[in-house]
Amino acid sequence: MKKKSKPPVRAKKAAAGNGKKTPALRDLAARCGILIGTCVAPKLDEPDYAEVLAREYDFVTSENHMKWSCLSNAPGVYDFAEADRMMDFARRHRQAVHGHTLLWHNCLPPYLRGYAGSREELIDMVRVHINTVAGRYRGRILVWDVVNEVFADDKADFRPSVFSTVIGREFVPMAYRFAREADPGAKLLYNDYCLEGQIPVKSDFCYQTVREWLAEGVPLDGIGFQAHLDNKSDIGLAAEQMARYADLGLDIYVTELDFRVPLPAGKAMLALQGRLYRDLLRVCLDFPTFRGFQTWGFTDGCSWVPGFFKGMGDSLPFDVKYRPKPGYHGLRTALEECAGRRAKTAPPLV
């Protein structure tokens with residue numbers, strides 16, 4: 001007789017006392033009325049990676065699969081194989097999808113690098129691209145980062161890009177209108193880093209410009225706070241910035257969170273990181289328009305941080321062996337508190 005295979009070790013660890021299974025993050029988040037998620041790396045063939053991703057999260061972002069250069073290397077020619085694969089994984093595991101990103105100054109195909117065509121031609125290329133990508137997944141993607149990182153870091157201005165240089169600043173309202181036409185049901189976000197207040201000139205200019213877009217009727221539904229933070233980050237400052245957009249009636253998302261710490265990270269530093277994860281999620285849960293909380297990856301084995309910030313890392317809720325860290329438990333604490341409050345205030349069933 002063939003022996004039954006044993007369940008994964010992590011599945012055993014998910015079990016708590018009295019033989020009851022401990023709720024995953026996604027289960028707790030659902031009780032709080034939000035989504036909790038992560039970006040997806042090209043590791044879906046790895047059983048450990050796929051198991052944790054499916055178990056813990058109900059909201060997934062395409063890390064690279066849907067960026068322009070990853071989809072197209074020639075005008076009008078698209079390869080959706082990897083993006084479709086992620087979409088199929090999300091469908092099988094009942095995960096909402098956050099599309100990332102329709103327009104960005106980076107990750108552009110060769111035909112846009114060193115672009116020498118006319119303004120009208122580029123506008124048409126942008127329209128076709130957005131219609132092609134957002135149209136393909138119409139009704140299947142919950143939110144789109146329509147435009148990503150358009151503001152300069154050091155002054156109140158747009159960053160130079162082929163779009164801002166050739167089309168002008170009006171490329172942003174155009175992009176949102178094209179996206180609304182391509183998928184009327186998707187929520188349309190603006191996504192950027194350092195909106196949490198680390199660079200005041202940038203966060204203030206973004207806020208002022210968003211107000212102008214809304215006054216002009218641009219179909220913008222929410223703001224994505226990337227939140228690439230460190231062990232010295234001021235959670236109160238982030239709360240103040242989020243409150244400004246909530247007051248505009250916009251949905252609030254944390255889209256790319258990680259808390260980098262100095263390496264090697266000892267127990268005290270990881271404990272601090274856990275409190276930061278907890279405290280930021282607590283703040284977010286206080287906003288009625290808060291919708292989704294996503295980290296930029298979930299395992300330290302797939303983090304971009306060490307390659308970009310020298311001497312920093314260990315920034316995500318799971319370590320390289322998929323063991324939960326204090327950051328994971330900090331998220332659980334905030335969600336359990338919220339779920340408990342919601343249960344106490346819920347009306348009795350009739």
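The values are calculated or read from the model by the stated rules, or taken from the named source; none is laboratory data. All values reported here derive from a predicted model rather than from experimental measurement. Glycine gets a Cβ as well: all are built from the backbone with ideal geometry, and neighbour counts include every protein chain shown.
Okay, here's what the table says:
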read-out	value
Residues within segment 17-29 that are part of a helix (DSSP H, G or I) and at pLDDT below 95, tallied	3
Enumeration of residues in segment 54-75 that are polar (S, T, N, Q) and either in contact (Cβ under 8 Å) with a residue 40 or more places away in the chain or crowded, with 17+ Cβ neighbours inside 10 Å (or both)	61, 62, 64, 69, 72
Unique match (being over 30 Å from residue 260 (Cβ atoms), modelled with pLDDT of 95 or more and within 17 Å of the chain's Cα centre (by Cα)) among 227, 186	186
Cross-chain or 6+ apart pairs with Cβ under 8 Å, segment 316-341 first and without any contact (Cβ under 8 Å) to a residue 60 or more places away in the chain, then surrounded by fewer than 21 Cβ atoms within 10 Å (Cβ to Cβ) and acidic (Asp, Glu)	325/319; 330/279; 334/279
Condition met for residue 285 (hydrophobic (A, V, I, L, M, F, W, C) and within 19 Å of residue 298 (Cβ to Cβ))	no
Tally, over segment 270-314, of residues that are assigned to a loop (DSSP other than H, G, I, E, B) and surrounded by fewer than 19 Cβ atoms within 10 Å (Cβ to Cβ)	8
Output for segment 19-57, where each listed residue is of a type in the set (D, E, K, R) and farther than 16 Å from residue 318 by Cβ	20, 21, 27, 31, 45
Qualifying residue in segment 203-217 (condition: modelled with pLDDT of 95 or more and closer than 19 Å to residue 106 by Cβ)	yes
Verdict on residue 317 being at pLDDT 95 or above, crowded, with 24+ Cβ neighbours inside 10 Å and either among the basic types (Lys, Arg) or not assigned by TED's automatic domain parsing to the domain that holds residue 213 (or both)	yes
Test: residue 111 is more than 23 Å from residue 292 (Cα to Cα) and either in contact with a strand residue (DSSP E or B) (Cβ under 7 Å, 6 or more places away or on another chain) or of a type outside the set (D, E, K, R) (or both)	yes
Residue match in segment 30-41 (condition: over 24 Å from residue 136 (Cα atoms), under 18 Å from the mean Cα position of the chain (by Cα) and in a helix (DSSP H, G or I))	yes
Residue in segment 100-119 that is surrounded by fewer than 18 Cβ atoms within 10 Å (Cβ to Cβ), part of a helix (DSSP H, G or I) and either under 21 Å from the mean Cα position of the chain (by Cα) or not acidic (Asp, Glu) (or both) present	yes
Any hit, segment 40-53, residues being under 29 Å from residue 161 (Cα atoms), surrounded by 15 or more Cβ atoms within 10 Å (Cβ to Cβ) and in contact with a Ser or Thr (Cβ under 7 Å, 6 or more places away or on another chain)	yes
Lone unmet requirement of (1) closer than 22 Å to residue 258 by Cα; (2) modelled with pLDDT of 95 or more for residue 41	(2)
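Residues checked against (1) touching a strand residue (DSSP E or B) at 6+ places or on another chain (Cβ under 8 Å); (2) closer than 19 Å to residue 98 by Cβ:
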position: 245; (1), (2): yes, yes
position: 254; (1), (2): yes, yes
position: 262; (1), (2): yes, no
position: 276; (1), (2): yes, no
position: 292; (1), (2): yes, yes
position: 310; (1), (2): no, no
position: 339; (1), (2): no, no
